[in-house]
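Structure, as structure tokens:
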Amino acid sequence: MRCQRCDKPATFHITELTGGKPVELHLCEDHAREYLTQASNEPASAGSMAALLAQQMAKQLALGQTAEELAELDQQICPYCGISFYDFRSQGRLGCAYDYVFFEKELQPLLLNIHGETQHTGKRPSHSAELSRRHTELIRYRRQLQEAIQEENYELASRLRDKIREIEESTS
């Protein structure tokens, strides 16, 4: 659906009851901001929620990321496990421990909102950091192995398979 004032896609759909009849507005982000700014400057009438809606929508526009920024962010891919930020947003799970480092800037506000802290203060895992490093290597080698097989690079695939076996045997 297109904006009623220009040819951009309508991202805001506002239904306002004026004179007892619903009036629907389909606006792009720029025209919605303009409309809501005008509505918030007018005194709110008893039957109109436009001023309250304008304040809420203005806050959302100010705080929210634009669709372009989100699309760019969704394209980021972890070099170790291959998970994209879009995959994380849709599944709610990260692919490896390195994702916390790679997506740190995006995860900080989320962790702060969920846990109230960004530093871990509880118990520590009983296994060593070396074991965690080996596990991360395994994830990376397995992803590279799948890519080598898809590209039909069987020499590289056999070397990666041998590395994976070596790491798996040393951790057992």
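Yes/no matrix, rows are residues, columns are (1) without any contact (Cβ under 8 Å) to a residue 24 or more places away in the chain; (2) open to solvent by 80 Å² or more (accessible area, probe 1.4 Å):
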site	(1), (2)
Gly82	no, no
Tyr86	yes, yes
Arg89	yes, yes
Arg93	yes, yes
Val101	yes, yes
Thr118	yes, no
Lys123	yes, yes
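Take segment 138-150 and flag every residue that is without any contact (Cβ under 8 Å) to a residue 60 or more places away in the chain and either open to solvent by less than 40 Å² (accessible area, probe 1.4 Å) or closer than 20 Å to Ser84 by Cβ (or both). Hits for segment 138-150 are Leu138, Ile139, Tyr141, Arg142, Gln144, Leu145, Gln146, Glu147, Ala148, Gln150. Being out of contact with any Pro (no Cβ under 9 Å at 6 or more places or on another chain), closer than 25 Å to Glu69 by Cα and among the basic types (Lys, Arg), is that true of even one residue in segment 99-118? Yes; the residues of segment 99-118 include at least one that is out of contact with any Pro (no Cβ under 9 Å at 6 or more places or on another chain), closer than 25 Å to Glu69 by Cα and among the basic types (Lys, Arg). Summed over segment 1-20, residues that are within 18 Å of Glu68 (Cα to Cα) and surrounded by 13 or more Cβ atoms within 10 Å (Cβ to Cβ) total 5.
The rows are residues; the columns are (1) in a loop (DSSP other than H, G, I, E, B); (2) under 26 Å from the mean Cα position of the chain (by Cα).
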site: Asp87; (1), (2): no, yes
site: Ser90; (1), (2): no, yes
site: Gly95; (1), (2): yes, yes
site: Tyr100; (1), (2): no, yes
site: Arg134; (1), (2): no, no
site: Arg143; (1), (2): no, yes
site: Glu147; (1), (2): no, yes
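Residues of segment 21-54 that are over 14 Å from Arg5 (Cβ atoms), open to solvent by 70 Å² or more (accessible area, probe 1.4 Å) and either under 27 Å from the mean Cα position of the chain (by Cα) or at pLDDT 55 or above (or both): Lys21, Pro22, Asn41, Glu42.
The values are calculated or read from the model by the stated rules, or taken from the named source; none is laboratory data. What you are looking at is a predicted structure, and each value in this text was computed from that prediction instead of being measured. Methodologically, a virtual Cβ is constructed for each residue, glycine included, from the backbone with ideal geometry; neighbour enumeration extends over all protein chains shown. Note: areas computed on protein heavy atoms with side chains; ligands, DNA, RNA excluded. Shrake-Rupley method; radii C 1.70, N 1.55, O 1.52, S 1.80 Å.
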